[in-house]
Amino acid sequence: MNRQDYLQKNFELSMDLRETERQIAGLFNRKKQILAEMDAIQERMVEDARNGKIEGE
């Protein structure tokens, strides 16, 4: 490989890394959103249970 080949390969890898990091950030944000939704459901369930709005199975 010549110098240009090394530089090109390094550039391609850095672009792949940037895209991977973007995807990871998106997945992390989605995880936070899901956890927040789960927390909200849990809070509503507890509140409904306290108010006698939940029946047994």
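The values are calculated or read from the model by the stated rules, or taken from the named source; none is laboratory data. Computed from a prediction, not measured in an experiment: that's the story for all the values here. Cβ placement follows ideal geometry from the backbone for every residue including glycine, while neighbour counts extend to all protein chains displayed. Areas reflect the complete protein model, heavy atoms only, side chains present, ligands, DNA and RNA absent. Shrake-Rupley method; radii C 1.70, N 1.55, O 1.52, S 1.80 Å.
Sub-7 Å Cβ pairs linking a first residue in segment 38-57 that is in contact (Cβ under 8 Å) with a residue 12 or more places away in the chain to a second residue that is open to solvent by 100 Å² or more (accessible area, probe 1.4 Å) and in a loop (DSSP other than H, G, I, E, B), at least 6 apart or interchain, number zero.
Results for (1) exposed (fewer than 10 other Cβ atoms within 10 Å of the Cβ); (2) within 14 Å of the chain's Cα centre (by Cα), shown as yes or no for each residue.
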{"position": "Asn2", "(1), (2)": "yes, no"}
{"position": "Asp5", "(1), (2)": "yes, no"}
{"position": "Asp16", "(1), (2)": "no, no"}
{"position": "Leu35", "(1), (2)": "no, yes"}
{"position": "Asp39", "(1), (2)": "no, no"}
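Does Lys53 satisfy the condition of being assigned to a loop (DSSP other than H, G, I, E, B) and surrounded by 10 or more Cβ atoms within 10 Å (Cβ to Cβ)? So Lys53 fits the description; yes.
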